[in-house]
Amino acid sequence: MAAESLQAKQLENAQAFFSCLNAYNFHGMADLLTADFTHEYFPSSLNPPEGKFKRNKDETVQLFKNAWENVIEGMQFLPPLDIIQGQNAVVFHVKSDGTSKSGKRYNNEYMITLRFSGEKIAHMKEFVDTKYVAGFFGA
């Protein structure tokens, strides 16, 4: 595959990743990931969900599924504020909009780097708004 068409497919799959999350399509999201996919949560000053900074593919899918089904209602990633694409990587600056099961608004801000192996997402680095997350979860 030519480099230009591979980059186009990577960008398409990166955007599909967020579309799958917005549609609560966790199987579709999983199909976009490599078998050895990893997810890292940043910054390290925060206590990550379940105390885990790094997760494999199955753990990541379960993390999002649990958050969307049990913690947050109507969670959506809004259209990106910025997208930067490089060789085998796409970086998104995005915000979310949702409400917790207790009725509290959840409007976080993220910098998410997706790294690719071919057309599939091999690694996700998720930076969250430290102050917001600490306040929301009472950290």
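A few notes on this one:
- Of LYS52/LYS101; LYS104/LYS131; LYS57/LYS125; LYS54/LYS125; LYS57/LYS120; LYS95/LYS120, pairs whose Cα-Cα distance is over 18 Å: LYS52/LYS101; LYS95/LYS120
- Spin-label model distance (nm) - SER117 vs GLU59, 7 Å beyond Cα toward Cβ: 1.7 nm
- Calculated [θ] (222 nm, deg cm²/dmol) that DSSP helices of n ≥ 4 give over the chain, each run adding -39,500 (n - 2.57): -9500 deg cm²/dmol
- Where a label projected 7 Å from the Cα of ASN66 along Cα→Cβ would reach, residues of the stretch 10-47 with amide N under 20 Å: 21-22, 24-31, 37-47
- Computed Kirkwood radius, in angstrom, where 1/r is averaged over Cα pairs of the stretch 9-63: 12.1 Å
- Only Cα pairs under 8 Å and 6+ residues apart enter the sum, and on that basis the relative contact order of the stretch 1-65 stands at 29 percent.
- Residues whose placed amide H lies under 5 Å from that of SER117, excluding near-sequence neighbours: ALA122
- On a per residue basis, the chain carries 53 Å² of accessible surface, using protein heavy atoms and a 1.4 Å probe.
- Gain on full stretching of the segment that runs from LEU78 to TYR24 - 0.36 nm per residue minus C-alpha separation: 18.0 nm
- Kirkwood hydrodynamic radius computed over the chain comes to 15.4 Å, based on all pairs of distinct alpha carbons.
The values are calculated or read from the model by the stated rules, or taken from the named source; none is laboratory data. All values derive from a computational prediction rather than experimental measurement. Neighbour counts run over all protein chains shown; Cβ positions are idealised from the backbone, glycine included. Surface areas here come from the heavy atoms of the whole protein model, side chains and all, with no ligands, DNA or RNA. Shrake-Rupley method; radii C 1.70, N 1.55, O 1.52, S 1.80 Å.
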